[in-house]
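K.L.:
Sending over a structure as structure tokens; questions will come in a sec.
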Amino acid sequence: MAEYTHILAAVDLTEESHLVAKRACALRASSGAKLSCLHVIEPLSLAYGGDIPMDLSTIQEQIQDTAKIHLAEFASSLNIPEENQHLIFGRPETEIHSLANQIRADLIVVGSHGRHGLALLLGSTANGVLHGAPCDVLAVRVGN
């Protein structure tokens, strides 16, 4: 098995992110790889179909400010330097692929809900990351 040189942990900043981080850190320790983390904020207009009759920019800014703080706290607990912390707006699977290419990651670590049934095996984000990923993907089982 090839050693990894740059691992990208894609996290949603929920409690379950710690399970993803734990696995990514174990791989970093065993391979000496660089570790980056990414949190993608899905714009509210995407999440709600764009048909909201109000200006969401203030709410979006508050979401971004809160996420920035949470990502910094999360990353510092893992000894991930600021230049390897990424906060991006967009569709999670698209942005994860894009950043993995940009930073030349050779492994993406992402959380996956172990739901029943083959179609739900990975969950939508993990499934989207797996398909079309530029490198290996490790889906860490989280939740029920």
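The values are calculated or read from the model by the stated rules, or taken from the named source; none is laboratory data. On a predicted model such as this, the values are computed, not experimentally measured, just so you know. Positions of Cβ are backbone-derived with ideal geometry, glycine not excepted, and every protein chain shown enters the neighbour counts.
Yes or no, residue by residue, for (1) touching a Pro at 6+ places or on another chain (Cβ under 9 Å); (2) part of a helix (DSSP H, G or I); (3) over 17 Å from Asp136 (Cβ atoms); (4) at pLDDT below 90:
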{"site": "Ala24", "(1), (2), (3), (4)": "no, yes, no, no"}
{"site": "Ser30", "(1), (2), (3), (4)": "no, yes, no, no"}
{"site": "Ser45", "(1), (2), (3), (4)": "no, yes, yes, yes"}
{"site": "Gln64", "(1), (2), (3), (4)": "no, yes, yes, no"}
{"site": "Ala72", "(1), (2), (3), (4)": "no, yes, yes, no"}
{"site": "Ile88", "(1), (2), (3), (4)": "no, no, yes, no"}
{"site": "Ile108", "(1), (2), (3), (4)": "yes, no, no, no"}
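K.L.:
Sort out which residues of the range 9-21 are touching a residue at least 24 places away in the same chain (Cβ under 8 Å) and not in a strand (DSSP E or B), and write them in order of number.
P.N.:
Val11, Asp12, Leu13, Glu16, Ser17, Leu19, Val20, Ala21
K.L.:
Out of the residues in the range 1-25 that are more than 16 Å from Ser76 (Cα to Cα) and over 14 Å from the mean Cα position of the chain (by Cα), state the one that is surrounded by the most Cβ atoms within 10 Å (Cβ to Cβ).
P.N.:
Only one residue tops the list, namely Tyr4.
K.L.:
With the condition kept exactly as written, say whether any residue in the range 133-144 is assigned to a helix (DSSP H, G or I) and either over 30 Å from Glu3 (Cα atoms) or at pLDDT 90 or above (or both).
P.N.:
Checking the range 133-144: not a single residue is assigned to a helix (DSSP H, G or I) and either over 30 Å from Glu3 (Cα atoms) or at pLDDT 90 or above (or both).
K.L.:
Return the total of residues in the range 74-86 being buried (at least 16 other Cβ atoms within 10 Å of the Cβ) and not in a helix (DSSP H, G or I).
P.N.:
Selection size over the range 74-86: 4.
K.L.:
Confirm whether Ile59 is modelled with pLDDT under 90, outside any loop (DSSP other than H, G, I, E, B) and aliphatic (A, V, I, L, M).
P.N.:
Here the answer is yes, as Ile59 does meet what is asked.
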